[in-house]
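Everything on this sheet refers to the single structure shown next.
The values are calculated or read from the model by the stated rules, or taken from the named source; none is laboratory data. What you see is a predicted model; the values in this text were computed from it and never measured. Because the Cβ atoms are built from the backbone with ideal geometry, glycine has one as well, and the counts that use them run over all protein chains shown.
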């Protein structure tokens, strides 16, 4: 129910920018100072989304999790947490490794310096 209300609220806004600013976004009116508000809308939506997808993940229904993630692209596609979880879901489906790699690769490149600090324990 919380997911439905949050998702409907985001949809009614037309897009994340409209929701966060209260008026339609345009190149002239959408300034840099309004950007954090748009991110806040997606950040507020992500925990609700993850709780819903966990229900299907625990049942190994990865196709349903993917469908839910596809519906949330407009609101969350700029968040690494969302991208990482989408990659995990695609990887778990076993036939979508290449698509999963497309989500993993930018994240690994972005955090490459941190990845090098990890070492393997055998």
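Structure summary
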read-out	value
Search result, residues across the range 46-62 that are at pLDDT 90 or above and under 23 Å from residue 105 (Cβ atoms)	49, 50, 53, 57, 62
Filtered residues of the range 95-122 (kept if outside any helix (DSSP H, G or I) and at pLDDT below 90)	111, 117, 118, 119, 120, 121, 122
Selected residue (only one of 86, 108 is touching a helix residue (DSSP H, G or I) at 6+ places or on another chain (Cβ under 7 Å) and closer than 12 Å to residue 66 by Cα)	86
Some residue of the range 25-40 being at pLDDT 55 or above, loosely packed, with under 14 Cβ neighbours inside 10 Å, touching a helix residue (DSSP H, G or I) at 6+ places or on another chain (Cβ under 7 Å) and part of a helix (DSSP H, G or I)	yes
Single condition residue 111 does not satisfy, out of (1) closer than 20 Å to residue 44 by Cβ; (2) free of Cβ contacts under 8 Å to residues at least 40 places away in the same chain	(1)
